[in-house]
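Below: the structure, in structure tokens.
The values are calculated or read from the model by the stated rules, or taken from the named source; none is laboratory data. Since this is a predicted model, take the numbers as computed values, not measurements. When we count neighbours, we look across all protein chains shown, and the Cβ atoms used for this are built from the backbone with ideal geometry, even at glycine. We work out accessible area using only protein heavy atoms, side chains counted, and drop any ligands, DNA or RNA first. Shrake-Rupley method; radii C 1.70, N 1.55, O 1.52, S 1.80 Å.
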Amino acid sequence: MNSNDLVPGFSDEKDDSLKITLEKVEGVENGILVMLNGYIDTYNSVYFQKQVNKIVSVGFVRIIFNCANLNYVSSTGIGSFTAFLKLVKPKNGDIVLLNIQPKVYEVFQLLGFSQFFNIKETIEDAVGFFSAEAAPGVSIFPKVFACPVCSRKLKAAKSGRFRCSDCKAILAIDQAGNVFLG
């Protein structure tokens, strides 16, 4: 199945610096896997946004971006991901970033955006995120966890940023309950 079968006219427009291919995700209602190959910067971000808008316009609002072959993202590119999140959330959707390269993840962290995105290592984890999200009444909060710096047991009532009561490290916890520094 090619990308045009999933999203009519998707492959009509191309960009040499960013190749985007699509796959249906089994087990995720309105879910799609978007494979990114290349980089996202100021020059191709309009193309990237246009392509993802096509995806959302046909009803795919649970988007898994496979970033394994994405070797650079500028702040403009991160802005694009943020725009997608704002686009799909009101439609009962979400996005997951999968297999992010360390240097790309570093940009997300430096700009303070790593806490806003659901970042997973495997396709099974990404599918599981959407399955857990779809289960009514199932919440992982309040969540008890150990501070990654000092190992103090902490309790988070909801996702967000907060400070460890012992070591004063700034921590972030995402909607899936993953804990990060910063």
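Values computed for the structure shown
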{"item": "Selected residue (only one of 153, 158 is charged (D, E, K, R), exposed (fewer than 15 other Cβ atoms within 10 Å of the Cβ), at pLDDT below 80 and under 16 Å from residue 179 (Cα atoms))", "result": "158"}
{"item": "Positions within segment 11-28 being open to solvent by 40 Å² or more (accessible area, probe 1.4 Å) and touching a strand residue (DSSP E or B) at 6+ places or on another chain (Cβ under 7 Å), in sequence order", "result": "19, 21, 23, 24"}
{"item": "Residue 136, sole failed condition from (1) open to solvent by 80 Å² or more (accessible area, probe 1.4 Å); (2) modelled with pLDDT of 75 or more", "result": "(2)"}
{"item": "Which listed residue, of 111, 98, is modelled with pLDDT under 90 and closer than 21 Å to residue 181 by Cα", "result": "111"}
{"item": "Looking only at segment 29-48, and only at residues there that are open to solvent by less than 20 Å² (accessible area, probe 1.4 Å) and outside any strand (DSSP E or B), the one that is nearest to residue 13 (Cα to Cα)", "result": "48"}
{"item": "Complete set of residues in segment 106-121 that are open to solvent by 50 Å² or more (accessible area, probe 1.4 Å) and either under 12 Å from the mean Cα position of the chain (by Cα) or touching a residue at least 12 places away in the same chain (Cβ under 8 Å) (or both)", "result": "109, 111, 113, 116, 121"}
{"item": "Residue in segment 164-181 that is exposed (fewer than 14 other Cβ atoms within 10 Å of the Cβ), in contact (Cβ under 8 Å) with a residue 12 or more places away in the chain and in contact with a Phe, Trp or Tyr (Cβ under 8 Å, 6 or more places away or on another chain) present", "result": "yes"}
{"item": "Subset of segment 49-78 (residues that are buried (at least 16 other Cβ atoms within 10 Å of the Cβ), among the small types (Gly, Ala, Ser) and part of a helix (DSSP H, G or I))", "result": "77"}
